[in-house]
Ligand SMILES: NC(=O)c1ccc[n+]([C@@H]2O[C@H](COP(=O)([O-])OP(=O)(O)OC[C@H]3O[C@@H](n4cnc5c(N)ncnc54)[C@H](OP(=O)(O)O)[C@@H]3O)[C@@H](O)[C@H]2O)c1
């Protein structure tokens, strides 16, 4: 295992009384200490059907225009089916691109949720709690936390019924929060694999090799900083300047507190004496920059590439500026740099076991307090939350200069 350190499992995340009550016979005798809330009662019918709401789209467009809140019922699970309740699901940039119809993977539109038109459920990752299981489910039980094995299964829903085979069980949820579990499978895994799989680090030179990245305050960027710190890789991090110098300094400090070695702004990189700065950071080039992680593109990406030592790699995994990556030919001819792309969805489908192990590794670090939470803009989703409020939250995802990632937290009961 690559991660280091002593892992502690101290904090137990208790289930609510309603979460512990089964949907069958034991529901007749709920915990005496806290009766089911009105909200819980509203979402569960006496006939064993779970009332659910899903944020769906049946045509492509802006989230605020096309997302609809669809109410439906979920039957008791049969066979290997599992009924789930949402805990937490983030709103990632790719989720919005998918709804806009500009993302390469498009979940198929279907009518399994009883929608008038074929539709897909938004969202690609989240943490769910098992509320009931079919008779032949082997490895899951009520109260377990799970995440979806693949992207594209639709995470923005209060409840879901999925097959056991579509889920990854969180083996030990002690010491973890729904936020940490619900945001582990896309961004941290992306950062982890890009750092491990694209660069032949010289592990004997721990603390003497660098990676450079833009979008360093993103979910992926923050993960890369912390993994770099864990693995002895120095990080040079580029962020966009904030409105005031104080805000810019605060952001730089925030990333340094995560373990960033150096943080500079895009403006400093493009207009300042960037060459000299890099020269100084890297002890006059004695500490090579071996890997660049690019989620921005345009001039920003070109500037990153120019810092790389010969035979190094740049991995492009996002295109936030919507500008193409342009490269001086000399970087390819004389420095023999390699340029790759990475897409975690495709990688995960091809490497399911490695994906699970990567997730476990990150959660170990998290449990040990070595992998910090991303800043979050928490959107509480109760049974009565309006469609417009949920859709507007999704719409804001690509806004830029956000103080935190939008995350749905379901506050309803089973
Ligand atoms: N290929 C893959 O497998 C994969 C996996 C995960 C994520 N991604 C991609 O990685 C990127 C980051 O995702 P995330 O979920 O980590 O993001 P996030 O936490 O939502 O943060 C968004 C980041 O994008 C930056 N940004 C937004 N608009 C920008 C612009 N016009 N120019 C430059 N930077 C801009 C933001 O900087 P400010 O704070 O300055 O706005 C912030 O750093 C996205 O492009 C996403 O699609 C790709």
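Every read-out reported here was derived from the displayed coordinates using simple, explicitly stated rules and does not represent laboratory data. These numbers were taken from a predicted model, which means no experiment stands behind them. Don't worry about glycine lacking a Cβ; one is built from the backbone with ideal geometry, like all the others, and counts go over all protein chains shown.
Which order, highest average first, do 61-72, 99-110 follow once you tally other Cβ atoms within 10 Å for each residue and take the mean per peptide?
Values: 61-72: 16.8, 99-110: 14.5.
Result, highest mean first: 61-72, 99-110.
State the extension gain, in nm to one decimal, for the chain segment bounded by residue 350 and residue 65, taking 0.36 nm per residue of separation less the distance between their alpha-carbons.
Difference between extended and current length: 99.2 nm.
Compare the peptides 351-360, 236-245, 312-321, 380-389 by average per-residue count of other Cβ atoms within 10 angstrom and give them in order, highest first.
Going by the mean number of other Cβ atoms within 10 Å, highest first, we get 312-321, 236-245, 351-360, 380-389.
Calculate, for residue 76 and residue 102, the FRET efficiency according to 1/(1 + (r/R0)^6) with r their C-beta to C-beta distance and R0 45 Å; round to the nearest 0.05.
The calculated FRET efficiency here is 0.70.
Share of antiparallel DSSP beta bridges in the chain, in percent to the nearest 5?
Of the beta bridges lying entirely in the chain, close to 55 percent run antiparallel.
Classify the chain from the C-alpha gyration tensor, please: rounded if a/c falls under 1.5, else prolate or oblate depending on whether a/b exceeds b/c.
Prolate.
Give the shape of the stretch 176-323 as rounded, prolate or oblate, defined through the alpha-carbon gyration tensor: a ≥ b ≥ c are the square roots of its eigenvalues, a/c under 1.5 means rounded, and otherwise the shape is prolate if a/b is larger than b/c and oblate if not.
Rounded is the answer for the stretch 176-323, as its axis ratio a/c remains below 1.5.
If I take R0 = 30 Å and measure r between the Cβ atoms of residue 323 and residue 204 in this structure, what FRET efficiency does the formula 1/(1 + (r/R0)^6) give, to the nearest 0.05?
0.20
Quick one: order 133, 282 by neighbouring beta-carbon count within 10 Å, fewest to most.
Numbers: 133 24, 282 21.
Least crowded to most crowded, the residues run 282, 133.
Report the Cα centroid-to-centroid distance between the stretch 131-200 and the stretch 52-78 in angstrom, as an integer.
For the stretch 131-200 versus the stretch 52-78, the Cα centre distance is 20 Å.
Say R0 is 45 Å: what FRET efficiency, to the nearest 0.05, do residue 117 and residue 241 get from their beta-carbon distance?
Computed FRET efficiency for residue 117 and residue 241: 0.50.
When the Cα centres of the stretch 245-266 and the stretch 280-357 are compared, how far apart do they sit, in Å?
21 Å
Report the label-to-label distance for residue 336 and residue 388 in nanometres (one decimal), using points 7 Å from each Cα along the Cα→Cβ vector.
6.2 nm
Under 20 Å from a label point 7 Å along Cα→Cβ of residue 284: give me every residue in the stretch 186-214 with its amide N that close.
Under cut-off, by backbone N: 208-210.
How large is the helix-only mean residue ellipticity at 222 nm for the chain, computed as the sum of -39500 (n - 2.57) over DSSP H runs with n ≥ 4, divided by its residue count, in deg cm²/dmol to the nearest 500?
Helices in the chain give a 222 nm mean residue ellipticity of -8000 deg cm²/dmol.
Can you compute the label reach from residue 165? Point 7 Å from Cα along the Cβ direction, backbone N cut-off under 14 Å, restricted to the stretch 62-102.
79-82
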